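Heads up, the thing below is written out as structure tokens.
The values are calculated or read from the model by the stated rules, or taken from the named source; none is laboratory data. Remember, predicted model here, so these are calculated numbers, not experimental data. Cβ placement follows ideal geometry from the backbone for every residue including glycine, while neighbour counts extend to all protein chains displayed. Heavy atoms of the whole protein, side chains included, go into the accessibility calculation; ligands, DNA and RNA do not. Shrake-Rupley method; radii C 1.70, N 1.55, O 1.52, S 1.80 Å.
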Amino acid sequence: MSNRPEPLISISNLCKDYGKNRILKHVSFQIESGDLVSVIGPSGCGKSTLLRCLNCLEVLDDGEITIDGVCLRTVDHEKNEDFFWQQAHELRQNVGMVFQSFNLFPHKTLLDNVTLAQIVVKHEQQEKAKALAMSLLEKVGLGSFSGRYPWSLSGGEKQRAAIARALAMKPKVMLYDEPTSSLDPEMVEEVLQVMRDLDAEGMTQIIVTHEMRFAKDASDYIIYMENGEIIEISDEDEIFINPQDDRTRRFLKRYM
């Protein structure tokens, strides 16, 4: 009998269509708790759509998504609507997401940005919510900025605040959609370091990224996607040393 733990995330034959165009084509993979997984591939290959399906911002058209035992299932665009959305609501409670744009409330301080969802969504007491918010701002290096407004921050500081806000909901999985793509080069490293620190603490993370050095150095697994399909999945940096598919080789040749 295998002692291998059950995967925290299991994706089976996931398909997503926009009209007559199939954007995701039978995507399947598993991720164990505590893994940091980088998803790489050319622009427009379906990486962001994959993340949005995992967080139910997009509804899968076929296949299964299971996160922490909560399963979403659709068969050829058909699903049990009431049960599906009940499951989707439960799944979202365990998944945090950070976008390219920071989406902070401009008229609220960082402390309020990180506190608000705890109070509104989780009905947390204000003082308890503020205490957690402060600890998370400290974690991402922004404790002394708690009273500042987003307009006064650099791009890297805004993105770290967005990560703190997502962490405030106590997710079991963090998703990042190109979190450093809109940042100046000198700001990129401070955001990537937050992800490394979370990895060291055991947070499960999936990162869509073009930061190949980060993907190579920090990832437990790397998924290469092209044209809506998973072309190759590699442990750690093996994909950079010995890619198995010509499409992977062509892509990496442009970046490495």
Looking at the stretch 205-222, I want the residues that are within 18 Å of Cys45 (Cα to Cα) and have a partner that is of a type in the set (A, V, I, L, M) and in a loop (DSSP other than H, G, I, E, B) with Cβ atoms under 9 Å, at least 6 apart or on another chain. Which pairs are those? Met212/Met256
Counting only residues that are closer than 23 Å to Arg73 by Cβ and open to solvent by less than 40 Å² (accessible area, probe 1.4 Å), the stretch 33-47 contains a total of 4
Modelled with pLDDT under 95 and not in a helix (DSSP H, G or I), is that true of Thr66? no
Of the numbered conditions (1) closer than 30 Å to Lys158 by Cα; (2) out of contact with any Ser or Thr (no Cβ under 7 Å at 6 or more places or on another chain), Leu110 satisfies every one except a single condition; which is it? (2)
Give the stretch 111-125 a look and list any residue that's assigned to a loop (DSSP other than H, G, I, E, B) and either surrounded by 18 or more Cβ atoms within 10 Å (Cβ to Cβ) or in contact with a helix residue (DSSP H, G or I) (Cβ under 6 Å, 6 or more places away or on another chain) (or both), or say none. Glu124
From the option list Ala218, Ala133, single residue qualifying as touching a helix residue (DSSP H, G or I) at 6+ places or on another chain (Cβ under 7 Å) and closer than 23 Å to Glu32 by Cα is Ala218
Quick test for you: out of Lys108, Lys128, pick the one residue that is open to solvent by 40 Å² or more (accessible area, probe 1.4 Å), without any contact (Cβ under 8 Å) to a residue 60 or more places away in the chain, assigned to a loop (DSSP other than H, G, I, E, B) and of a type outside the set (Ser, Thr, Tyr). Lys108
